[in-house]
1. Just reorder L119, L73, L87 by solvent-accessible area, largest first, 1.4 Å probe, all chains present.
2. For F57, what accessible surface area do you get with a 1.4 Å probe? Give it in Å², rounded to 10.
3. Please give, to one decimal in nm, the separation of the simple spin-label points placed at K120 and D98, each 7 Å out from Cα toward the Cβ.
4. Given axes a ≥ b ≥ c from the Cα gyration tensor, I'd like to know whether the stretch 32-87 is rounded (a/c under 1.5), prolate (a/b larger than b/c) or oblate.
5. Multiply the residue gap between K113 and N39 by 0.36 nm, knock off their C-alpha separation, and tell me the result in nm, one decimal place.
6. To the nearest 10 square angstrom, how much accessible area does E106 have with a 1.4 angstrom probe?
Amino acid sequence: MQIANLSTPIVRLPFLRHISLNPFSTSSTMCDYKFRLRNKLPINHNASGPLTDGPDFSYLDSNKPAPPGKGQLKRLLKNQQLANTVLKLNAEIQFAIDAEKRLQLEAQQETQKILDAKLKPKGDALISQRSRKLK
């Protein structure tokens, strides 16, 4: 086995490809990723915030708002789609709740119909029952 010069690129040395030139085991982006997860922050720090959510510029001479940027329009569209999805799912849940109530009411009416169709008292039992209601 030959000893390579320091000027020889690592790519040309197959037995040294797995060796890292970085003495640290984690990169700064990995540390940032772990920090953001631990502190419940968004992974992409450019995804939201005052610099990305606000307008790119404003007019100093008037109160006229600046036109929305591409990122703002994209977030607005995404939020609208999310709101539509929430409304649709909410309507489905309400439909399921109403259907369950309707089924319970139909079952209760069916039970009452069966109870009403039972045999009625006759003769002395009917007379005594009517007299108890009159008293």
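1. If we order L119, L73, L87 from most to least accessible, we get L119, L87, L73.
2. Rounded to the nearest 10, that gives 100 Å².
3. Simple spin-label model gives 3.9 nm for this pair.
4. oblate
5. Between K113 and N39, full extension yields an extra 20.5 nm.
6. About 90 Å², rounded to the nearest 10.
The values are calculated or read from the model by the stated rules, or taken from the named source; none is laboratory data. All values derive from a computational prediction rather than experimental measurement. Cβ sites come from the backbone with ideal geometry, for glycine too, and all protein chains shown count toward neighbours. Side chains are part of the model used for accessible areas, which takes the heavy atoms of the whole protein and leaves out ligands, DNA and RNA. Shrake-Rupley method; radii C 1.70, N 1.55, O 1.52, S 1.80 Å.
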